[in-house]
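Asks: After the structure tokens below, expect a handful of questions from me.
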Amino acid sequence: MSVSSTNVWTPVRWAENEGVRLAYDRLVTGGDGEPLLLIMGLGASRQWIPDGLCETLAAQGFAVARYDQRDAGESTHLPPTATGNPFAALFGKRGTAYTAEDMADDAIAVLDALGWRSAHLFGQSLGGAIAQRVALRHPGRVRTLTSMSAVPGDTAGLGTLRYLRMGTLAKLARLDFPDTPEGAIEAGVAVARLCASPGHPFDERAARETSQRVADTGIHDPQAQSRQIGAQWHGPPITSIAVPTLVMHGDGDPLIRPAAARRTAARIPGARLAILPGVGHDLPRPMWNEIATRIRGLADTGSRRPGGDGDPGGEPGGESVGRAQ
């Protein structure tokens, strides 16, 4: 985790999808680069994505934008549903606030607001599953797809459980902080610690500074998280993804097993797989350059396809890279 500096991002802007307002901003540097949209995970503000990683991506030739998913950060939070427990939502006890298709369309609304005809996508955790679904639902808008620390985008309900580490889920379920700004800060630090990379020192100071600045209520809002988890996908399987794809996962992920990445990469035609040693369910500083370099390599693959410029036609470039387990 790291603190975002307000002077490296544009002021917050707004996109809209069927009455849902979506907060987004752009990195000030790298504006002439190739469009890259970042999608964050379950209940988390876009501001949890480290600035340093974003600046490293800009140095690799990307114009970087990020947004808050619905029910997260500054974007619209929907009314409560019958299910207020995100883990119960995995067992089929779901609300009906919206669908996974709606969440995929949110990303397209942000692209439209940015004026981007198409973009590279990078999603982490739930954001990775959303990115996969965008590539399925709107293939012409996606240049390349990078999914990190995520389950297969067409997995739902009990099928998700095979990829989750139940011990960490139990710890997350036991977290109990007051519904106050102070409680949100402590929740942010606690979640960051649980998701931290075992192979890299946990920077509690940076996590606390980020949590204090973001004051992200979504990170400990079970109602919002249950609505996101309860959003069901009704579209085609991920075997239909036809854009160059990179699947990354930490071998020390305490929340989602690397088997999820292996399964995702095996099912997406031509997908590359990178298992990152010592990485957890986060984006640790020592890995920023490697992550950015791999995304750059994928983008270069996309630009070499027939049609160039990330045109979705042609075959995805896909030898497996990294240390597959």
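Asks: Could you list all residues from the stretch 233-245 that are out of contact with any Asp or Glu (no Cβ under 6 Å at 6 or more places or on another chain) and loosely packed, with under 15 Cβ neighbours inside 10 Å?
Replies: Listed by number, the residues that qualify are H234, P236, T239, S240.
Asks: For the stretch 172-193, does any single residue satisfy the condition of being over 21 Å from T76 (Cα atoms) and among the hydroxyl-bearing types (S, T, Y)?
Replies: Looking through the stretch 172-193, none of the residues is over 21 Å from T76 (Cα atoms) and among the hydroxyl-bearing types (S, T, Y).
Asks: Look through the stretch 269-281, keep the residues that are on the phi < 0 side of the Ramachandran plot and free of Cβ contacts under 8 Å to residues at least 60 places away in the same chain, and return whichever of them is surrounded by the fewest Cβ atoms within 10 Å (Cβ to Cβ).
Replies: This residue is P269.
Asks: Output the residue which, of all residues in the stretch 285-319 that are at pLDDT below 50 and surrounded by fewer than 16 Cβ atoms within 10 Å (Cβ to Cβ), is nearest to G61 (Cα to Cα).
Replies: The residue in question is G308.
Asks: Taking the stretch 229-266 only, how many residues are more than 16 Å from the chain's Cα centre (by Cα) and either part of a strand (DSSP E or B) or of a type in the set (A, V, I, L, M, F, W, C) (or both)?
Replies: Here the count works out to 8.
Asks: Return yes or no: is D282 assigned to a loop (DSSP other than H, G, I, E, B), in contact with a helix residue (DSSP H, G or I) (Cβ under 7 Å, 6 or more places away or on another chain), at pLDDT 95 or above and of a type in the set (D, E)?
Replies: It is true that D282 is assigned to a loop (DSSP other than H, G, I, E, B), in contact with a helix residue (DSSP H, G or I) (Cβ under 7 Å, 6 or more places away or on another chain), at pLDDT 95 or above and of a type in the set (D, E).
Asks: Do the conditions hold for G128, that is, is it in contact (Cβ under 8 Å) with a residue 24 or more places away in the chain and under 25 Å from Y24 (Cα atoms)?
Replies: Criteria met by G128.
Asks: Name every residue in the stretch 27-36 that is closer than 22 Å to R285 by Cβ and either touching a residue at least 40 places away in the same chain (Cβ under 8 Å) or assigned to a helix (DSSP H, G or I) (or both), in order of residue number.
Replies: Selection gives L36 alone.
Asks: Another question, if that's okay. Mind listing whichever residues of the stretch 43-68 are assigned to a loop (DSSP other than H, G, I, E, B) and either acidic (D, E) or closer than 17 Å to A119 by Cα (or both)?
Replies: Within the stretch 43-68, Q60, G61, D68 qualify.
Asks: Condition check: closer than 13 Å to D282 by Cβ and either among the hydroxyl-bearing types (S, T, Y) or part of a loop (DSSP other than H, G, I, E, B) (or both). Does T210 satisfy that?
Replies: yes
Asks: So D179 clears everything in (1) closer than 21 Å to G230 by Cα; (2) part of a loop (DSSP other than H, G, I, E, B) except one condition, right? Which one?
Replies: The one condition D179 does not meet is (1).
Asks: Let me ask something else. Is it the case that some residue within the stretch 145-165 is assigned to a helix (DSSP H, G or I), of a type in the set (S, T, N, Q), surrounded by 22 or more Cβ atoms within 10 Å (Cβ to Cβ) and under 19 Å from the mean Cα position of the chain (by Cα)?
Replies: no
Asks: Moving on. Any residue at all in the stretch 106-118 that is at pLDDT below 95 and surrounded by fewer than 22 Cβ atoms within 10 Å (Cβ to Cβ)?
Replies: No: zero hits.
The values are calculated or read from the model by the stated rules, or taken from the named source; none is laboratory data. Bear in mind that the values here come from a model prediction, so they are computed numbers and not experimental data. When we count neighbours, we look across all protein chains shown, and the Cβ atoms used for this are built from the backbone with ideal geometry, even at glycine.
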